[in-house]
Amino acid sequence: MGKKSRVKTQKSGTGATATVSPKEMLNLISELLQKCSSPPPGPGKEWEEYVQIRSLVEKIRKKQKGLSIVFDGKRDDYFPELIKWATENGASTEGFEIANFEEEGFGLKATREIKAEELFLWVPRKLLMTVESAKNSVLGSLYSQDRILQAMGNITLAFHLLCERANPNSFWLPYIQTLPSEYDTPLYFEEDEVQYLQSTQAIHDVFSQYKNTARQYAYFYKVIQVEGTKKGTVQLNSIAPEGVIPLCFRCMNPLIVWNSAFLCILFNFCRWAVSSVMTRQNQIPTEDGSRVTLALIPLWDMCNHTNGLITTGYNLEDDRCECVALQDFKAGEQIYIFYGTRSNAEFVIHSGFFFDNNSHDRVKIKLGVSKSDRLYAMKAEVLARAGIPTSSVFALHATEPAISAQLLAFLRVFCMSEEELKEHLIGEHAIDKIFTLGNSEFPVSWDNEVKLWTFLEARASLLLKTYKTTVEGDKSFLETHDLTPHAVMAIKLRLGEKEILEKAVKSAAASREYYTKQMADGAPLPKYEESNIALLENTVADSRLPIVLRNLEDVEEQGDLKIDEAIDAEVTENGFVNSENSLFNGTKSESENLNKEKSNRGTEAAKESSSESNDEVKE
């Protein structure tokens with residue numbers, strides 16, 4: 001059995017900080033806030049900014065050294081209490097147990113045979129930590145006054161988690177005690193471990209994640225410390241009231257009282273709360289089903305990921321999260337769920353793990369039609385009719401097919417001649433031609449196919465040149481060096497990106513050669529027939545809808561290119577990769593949208609790595 005729930009505060013025995021005045025700490029916090037609120041650095045300056053921000057954070061952490069709130073015992077000591085609490089409050093807890101799976105960590109293990117599509121786990125709303133429960137908690141008064149909390153549910157959940165962790169009588173304490181004490185997100189990487197991510201597409205999001213987390217920490221530190229003091233609602237350098245965890249150090253005030261609850265203002269706890277939410281948050285419908293809200297789902301979030309389909313939904317009638325088995329599970333086997341179509345970059349940044357054999361792994365490729373292109377207006381119109389922006393982020397996939405229907409359609413339009421553009425804009429068959437743009441079985445022309453595959457081959461080759469190491473070099477490095485788990489994760493990520501790009505180069509070269517031969521042989525072009533059902537298949541991708549019916553998310557435009565410019569361009573380091581479009585924590589999210597089903601299973605609730613936006617890379 002787990003030990004009795006008890007929170008204790010402690011001051012480390014060695015290396016404890018000397019006295020630090022509140023003024024000195026606020027000066028550091030102000031400097032950090034100013035640095036994190038500065039405009040984005042110029043090209044090549046992101047690492048320098050990251051190191052500067054990290055240096056300020058480390059100064060703050062050093063001054064807060066030795067101050068913490070810890071639970072007695074180990075994490076797994078509290079699993080029996082989690083199961084008991086969940087059972088008493090209406091969750092299903094039969095047929096599985098929590099077990100340690102070594103490299104994968106803790107997960108759910110079947111204690112009986114579970115059949116595919118069997119409903120084996122449900123968790124009622126009362127057990128969930130949500131934005132709504134935060135509003136009705138001790139955090140409510142701060143929420144009602146602060147626009148950032150009102151606008152960003154993930155921040156609200158993080159503060160909700162901190163408030164409840166500090167309360168020894170919290171309803172959610174049996175859940176909070178079982179959360180990891182640390183995570184493997186890049187927020188926990190050492191500086192030299194982050195170095196291994198240099199030149200990868202993930203590095204910009206890693207920088208943004210760290211910068212935004214530090215900014216939000218500094219902002220709320222000042223709001224709570226300074227504004228709270230002005231309003232007389234914050235007790236500084238005093239022993240907490242009866243029933244609230246006491247903590248009084250002369251050095252500084254690491255915890256404050258806000259409406260009779262402590263909020264941690266230690267960076268380490270801010271980082272912990274942010275990572276807890278980032279790795280676990282999900283979208284669920286509100287009680288009336290009119291909109292979605294963010295939630296932490298106890299017990300269910302113990303499940304680890306594998307390839308498959310989303311099998312979790314929300315039953316509005318019974319007001320509970322429900323999960324059916326992804327496949328048959330025998331007694332003793334780990335029960336997996338599918339988190340969603342995430343790339344390994346998204347897994348590393350937002351979930352803190354690298355998933356080998358990820359069938360949805362991909363790298364981003366940004367493409368745009370240059371406004372200086374003589375045919376820009378015609379290309380823009382054809383793309384608009386197909387539902388594709390003139391500048392967007394696409395993906396090169398690890399599995400076949402390497403490119404999506406949307407990317408194929410964009411490349412075809414991008415490489416069209418004036419005459420080909422006219423054929424897609426004028427005449428009775430123009431709409432038919434629009435519908436077949438994303439179908440690999442109906443080329444625009446052999447020349448167009450040769451041009452688009454030549455372009456893609458060159459673009460992927462340019463992206464490969466931005467990396468400082470080779471595929472062979474990374475493989476050898478992994479085999480011959482004793483690396484930390486974070487370093488291994490980082491190197492695997494950059495290796496995976498390069499393997500996808502190398503595959504794209506080979507695939508594009510093969511296609512270029514094939515269509516060059518077709519053109520040389522004078523092979524007839526396949527003709528579209530109205531009865532041909534392949535029109536709706538978009539066979540080059542996993543999509544089964546006409547491309548004109550599928551929307552691409554608008555993204556921040558990059559420098560647009562002409563074909564010749566792209567092929568001949570000199571690429572600077574980190575060229576043609578991420579731009580910033582960050583939410584809190586730098587989360588450029590890939591949210592699995594909630595799908596209403598005909599049954600009462602209201603909404604698919606895939607594990608959200610990030611939070612409240614649509615897929616950044618469209619497939």
PHE477 being more than 30 Å from GLY387 (Cα to Cα) and in a helix (DSSP H, G or I): yes
Against the conditions (1) buried (at least 17 other Cβ atoms within 10 Å of the Cβ); (2) under 28 Å from ILE491 (Cα atoms); (3) out of contact with any helix residue (DSSP H, G or I) (no Cβ under 7 Å at 6 or more places or on another chain), where does LYS468 fall short? Just the number, please. (1)
Identify, from the list ASN259, ASN253, ASN212, the residue that is surrounded by fewer than 22 Cβ atoms within 10 Å (Cβ to Cβ), of a type outside the set (D, E, K, R) and at pLDDT 50 or above. ASN212
Hey, SER21 hits all of (1) of a type in the set (Gly, Ala, Ser); (2) at pLDDT 50 or above; (3) under 35 Å from the mean Cα position of the chain (by Cα); (4) under 15 Å from ARG61 (Cα atoms) but one; which does it fall short on? (3)
Among the candidates ALA86, ALA110, single out the residue that is more than 21 Å from TYR217 (Cα to Cα), touching a Leu at 6+ places or on another chain (Cβ under 6 Å) and at pLDDT 90 or above. ALA86
Any chance THR178 is farther than 26 Å from GLU497 by Cβ, touching a Lys or Arg at 6+ places or on another chain (Cβ under 8 Å) and buried (at least 24 other Cβ atoms within 10 Å of the Cβ): yes
Let me spell it out: the conditions are (1) modelled with pLDDT under 95; (2) in contact with a Cys (Cβ under 8 Å, 6 or more places away or on another chain), and VAL123 meets all of them except one. Which number is the exception? (1)
Tally time: how many residues in region 112-143 are farther than 18 Å from ASP319 by Cα and touching a helix residue (DSSP H, G or I) at 6+ places or on another chain (Cβ under 8 Å)? 8
Looking only at region 445-488, and only at residues there that are free of Cβ contacts under 8 Å to residues at least 12 places away in the same chain and among the hydroxyl-bearing types (Ser, Thr, Tyr), the one that is farthest from VAL363 (Cα to Cα): THR480
What do you reckon, is GLY90 in contact (Cβ under 8 Å) with a residue 12 or more places away in the chain and out of contact with any Pro (no Cβ under 6 Å at 6 or more places or on another chain)? no
With the structure loaded, tell me whether GLU94 is within 28 Å of the chain's Cα centre (by Cα) and not hydrophobic (A, V, I, L, M, F, W, C) or whether it fails that test. no
State all residues of region 42-75 that are within 30 Å of ALA99 (Cα to Cα) and surrounded by 13 or more Cβ atoms within 10 Å (Cβ to Cβ); if no residue qualifies, say none. SER68, ILE69, PHE71, ASP72, GLY73, ARG75
Of all residues in region 358-400 being of a type in the set (Lys, Arg) and in a strand (DSSP E or B), the one that is surrounded by the most Cβ atoms within 10 Å (Cβ to Cβ): ARG362
When you look at GLU441, is it over 32 Å from the mean Cα position of the chain (by Cα), at pLDDT below 95, among the acidic types (Asp, Glu) and within 17 Å of LEU525 (Cβ to Cβ), yes or no? yes
Which of the following residues is touching an Asp or Glu at 6+ places or on another chain (Cβ under 6 Å) and buried (at least 19 other Cβ atoms within 10 Å of the Cβ): ALA86, ALA134, ALA116, ALA110? ALA110
Kindly list the number of the only condition in (1) surrounded by 13 or more Cβ atoms within 10 Å (Cβ to Cβ); (2) under 30 Å from ASN304 (Cβ atoms); (3) at pLDDT 95 or above; (4) charged (D, E, K, R) that fails for GLU94. (1)
Would you be able to tell me the number of residues in region 337-357 that are buried (at least 20 other Cβ atoms within 10 Å of the Cβ) and over 13 Å from the mean Cα position of the chain (by Cα)? 3
Among the helices (runs of 4 or more DSSP H) contained in region 61-154, which hold 2 or more residues that are hydrophobic (A, V, I, L, M, F, W, C)? 79-88, 131-135, 147-151
Scan SER30, SER37, SER5 and give me the residue that is modelled with pLDDT of 80 or more and either more than 30 Å from ASN212 (Cβ to Cβ) or touching a Phe, Trp or Tyr at 6+ places or on another chain (Cβ under 9 Å) (or both). SER37
Among LEU411, LEU421, which is over 28 Å from GLY496 (Cα atoms), part of a helix (DSSP H, G or I) and either in contact (Cβ under 8 Å) with a residue 40 or more places away in the chain or of a type in the set (A, V, I, L, M, F, W, C) (or both)? LEU421
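The values are calculated or read from the model by the stated rules, or taken from the named source; none is laboratory data. Remember, predicted model here, so these are calculated numbers, not experimental data. Glycine gets a Cβ as well: all are built from the backbone with ideal geometry, and neighbour counts include every protein chain shown.
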